[in-house]
Every structure is written in C-alpha cells, then in structure tokens.
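Worksheet: one structure, shown below.
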Amino acid sequence: MPDDHLEEAVAKRRTFAIISHPDAGKTTLTEKLLLYSGMIHTAGMVHGRKGRKAAASDWMAMEQERGISITASAMQFGYKERVINVLDTPGHQDFSEDTYRTLTAADCAIMVIDSAKGVELQTRKLFEVCRLKKIPVLTFINKMDMPGREPLDLMHEVENILQIQSFAMNWPIGEAREFKGVVDRQKKECLFFQRTAPGGAQKAETTIYPLESEETKNKIGKEEYDKLVQDLELLDMAGNTFNQDDFLQGKLTPVFFASALTNFGVEPFFDAFIHLAPSPHKRLADTLEGEEIEVDPVTTPFSAYVFKLQANMDRRHRDSMAFLRICSGRFERDLVVKHHRLGRDIRLSRPHGMVAGGRTTLDLAYPGDIIGVINPGVFAIGDTISLTGGFNFKPLPQFQPEIFARVSPQEVDKRKSFDKGVLQLTSEGAIQLFKSYDMLSDAIFGAVGKLQFEVMQYRLKDEYGVETRLTPLPYQCSAWLIGDLKTFKKTTSCLLVQDRSERPVVLFTSQWEKQYAIKQNPDHQLVDMLA
C-alpha cells in the first residue's frame, strides 16, 4: 500500500481514553458511543443489578456483578468516516495504575464530570497525568437531567481546580427534569432532544431551530429564554475564546453539557469530538546510545509498545493477551518484528481487534490502533517492538504499592493452579509480587488499593479454581532502593525484599519510618516511582 494510503489511514484515526471519578458515567458514555456508531442496537444500564444488562465494555465477570470497571478495555469501530479506538479505563482509585499506563496509549482524553459533584479527587489525579503526558482533554459534564450545580459554577471549578482554561462549546437549555436540549454556540442553533426509549436504550430524536427563532422562544418560554440569552452573552463577554492549538497543547479544554443516560447531547458531542481530537502524532523514544528521537507515524516503519497485559480474556484457552499501541508504520498479519528487550525476532501471527471481551482477527492495522496478540510469556508491560530496532519508547510509570499481604491456597493440592494464576495475574501489573532475599519465606503481594486484593482472590477462584487465604501485613508504604545493599541501614520494623525484576525494595510500617530511613541513608535513594 502506498504511503499516501498510510497517511490517510492515520488521519482518520482517533485514539482516546475516557477518565473520571467512579460513578460519573464514564462507562455509560462509552456504551452510548457504541450505540451511535451502530455497534450495538440497544444500550443497557450499567449498574450491574440482577436482570440488567452489563456494559458492553465491562467483560470481566466481577465487573458485570458489581457494575464497576476493574480493568481497562479497548475497542475499535467506525464512526462517521473515522476509525475510533476507545480505551475505557477504571475510575476507582484502587485501579489507578492500570489507568495511568493506559493513558500513555491515548492521543486524547475525555474527562467525564458529574454535574452534581463537580471535579472530584480521582478526576484531579487523572487530569494531572494527562497534563504530565501533554494529552489534550475534552470535558463532558454529565447528568444534566438530574439536579446539579449551576453550569457557570462548574466551568469555574474546572478552571480553578484543574488550572486550565475552559470554553463551553454548548450550553444547556433547562436543568434537571426540565433539561431539554443544548445551544450550539458556534452555529447559534438550539438542539432539542426527545426520549425514544426508557433508560436511553435508543438514540434520542433531535429537532434543531435557530437560537433567535420563534420556535425556540415558544418551546422554552420567555423567562427561560431570556435567562438563556443572558448566560450566552455573559460567556461571549467574559469567557475564553476557543483556540484549537491551545486545546492540543493542553492549555484549554472544550466543555460539553449533556446526559449520557438519556442520550441528550451525546451525538453532537461525538460529532464535535471527531473534528477536535488529534490523529496519531509523533512519539518520543530513546536510542540505545541514549539519544532522544521522534518516531513519526507515517515515515517510520512499523513500531509498537505493550501497555497492558490481560489474562483469561478467552476462558476456553486460559491465555494471556498483550495489548499493543501501534505508533508507526503499517501492521500486517504474520509480521516478523524485533523484540527489543529480548533481542530476538518474533512473529505476530494471531493479532486481534477487540470490542470488550470479543475478538476479531486482524489482517491490517495502523498507527493509533490497539491490537491484541497472544502472549506466550514473551511480553512484559513497556516492551517495544519494531521492524528496525535500535530504540525504546519511553518507559511506563510503575508505582509503589501501599497495601501488602500474603496470599496462599487453602488446599495444598491446588498449589500448581495457584502458582500459574499468580504468575499471570502479577504480570498484568496491578498486583506486585515480592520475594525475600533468603527465599525461605512465602511471597508477599502488594497493591495500590485494597480492592485489588479482592479482585485477585475473586479471579483466582473464578478463573483458576483456587480458594485462597489472605493474611494482611503491617506495611503501609514502600520504595525501591538504589545503592549498596550492604551499607544500607535498616530500621527496626522495615523489611527488605526484591521485586519481579530482582530490584531491591524496602517495605515500611509507616511514612515516619520511611522518612527516618531516608535521613539515615544519605548515600542511598528511596524511589516511589520508576519510569
């Protein structure tokens, strides 16, 4: 295929992640994108209650039972002559490490905010990752059909808390139960919506009138119309102006008001998104000599990196799937590539595209696409593969866990299944495995949040048939140790262990103990994050 076809394929792609605090409506919005793209014909509510449909992007059994997203999922489909790659990420802070890594694979992010709660803690954390990675962010203020805060207050909060300029691309008409539509500020048009099915199971019907038309005035009444015009005039006079470059540089976020549940404002948001969001762009990498280079999506031959591993997406085969973000060049089935870390060639013979847990075999893929390949134990998170070799994409962040426990099988004869499950689950990166230096003690597991241990025990039982016993440990924080182990002065309660890569890690019972160890060891470094 000529290069101009590759350039055209890249220009059509939009690869983005959806971020939010739990319960802001992130997974509902993802599902509505599937509805409007034609991938599903009926949208189901995602509360996970008995008898209700699970969200299309939540494929793990525990996710469907609890109605929460536990693991990031990747989906690809077409939407109005664009190719959409959406990364639906967990909102719960206990799964933030998976979200952070997934964000590195995105070119853009949609930040979902609950209109009643405003900018919440996890939203702030995820937004800071986007700022750090220079990922442009669109803001979707959700649940306008429910009682909530004033739109102007929400705009000010976004600006003040996140320290970013905002620009309202639309403005709500009515609020709570009276929320009936939005004003497109650029076109000076009013879009009125009408429910067609309970719970937003079908697309909303839309009627469009000019802002100053008699139809608009009659539809919303004089008092509400006057207030609407005043709000719009205030935005024009005192608000920011929209600039596409400022958005792409992360200096400004375009804001949309809508209700994902009822579909009010959803389609106009998606239509604006495909024009605003960037296509895949150059990515930074380091050569083997330590020089920083830019990898161009069109001119550089095929390259990709592993940002996620997931075990048992196919319960029949008990396999592990490696998620690859394609950064440059054209991918073809059975492509032989260089595995940079292992220093050898591998064949990518069974590539998959995914819609939640479902798979389709791929023959071709392009920069921006997320593909899954069966992992026979050769891939680790952060691995770079390419046709040419000689460089590595920037390392993915790895965080120190804060909660520790020993986990063991309740039945001795299940040890083999337990060991297999632990090997696959810890390779995904959410649970970290630590071993003592004497190799006599049982392994220690660490996680960012308590819920990760619940997921681990659930999956060991559900996917490997192993009931487990969990014993909490008193350690509350940890750090990688850089320096001579022999001269490191241990505190009384700390424990020295090694991670999967045999790097020394110190576990502490308190932050005070950790700070004391730092003061006692000026010739050593205690590091909280590796990147």
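Before moving on, here are some points about what is shown:
- For the chain, relative contact order (Cα pairs under 8 Å, six or more residues apart, normalised by length) works out to 13 percent.
- For the residue pairs Lys12/Lys143; Lys32/Lys219; Lys32/Lys251; Lys143/Lys219; Lys117/Lys514; Lys180/Lys217, the C-alpha atoms sit more than 24 angstrom apart in Lys12/Lys143; Lys32/Lys219; Lys32/Lys251; Lys117/Lys514.
- Estimated FRET transfer efficiency (Gln410, Arg124; beta-carbon r; R0 35 Å; 0.05): 0.30
- Size-normalised alpha-carbon gyration radius of the stretch 427-530, reference 2.2 N^0.38 Å: 1.16
- Each pair of Cα atoms in the stretch 93-149 enters the Kirkwood radius, and Stokes-Einstein at 25 °C and 0.890 mPa s then converts it into a translational diffusion coefficient of 203 µm²/s.
- Placing a pseudo-label 7 Å from each Cα along the Cα-to-Cβ vector at Leu470 and Glu332 gives an inter-label distance of 4.9 nm.
- Of all accessible heavy-atom area on the chain, the percent that carbon and sulfur account for (1.4 Å): 49
- Partners for Lys420 among lysines (Cα-Cα distance below 19 Å; same-chain residues under 8 apart left out): Lys308, Lys435, Lys461
- When only the Cβ of Lys, Arg, Asp and Glu is charged (+1, +1, -1, -1), the dipole of the chain relative to its Cα centre reaches about 1620 debye.
- Built amide H within the under 5 Å cut-off of Phe179, gap 5+: none
- Solvent-accessible area per residue, Å², over the chain with all protein chains present [probe radius 1.4 Å]: 45
- Working note: 222 nm ellipticity from helices only, DSSP H runs with n ≥ 4, each -39,500 (n - 2.57), summed and divided by the residues of the chain, gives -8000 deg cm²/dmol to the nearest 500.
The values are calculated or read from the model by the stated rules, or taken from the named source; none is laboratory data. None of these values were measured; they are calculated from a predicted model. Because the Cβ atoms are built from the backbone with ideal geometry, glycine has one as well, and the counts that use them run over all protein chains shown. These area figures cover heavy atoms from the full protein model, side chains too; ligands, DNA and RNA do not enter into them. Shrake-Rupley method; radii C 1.70, N 1.55, O 1.52, S 1.80 Å.
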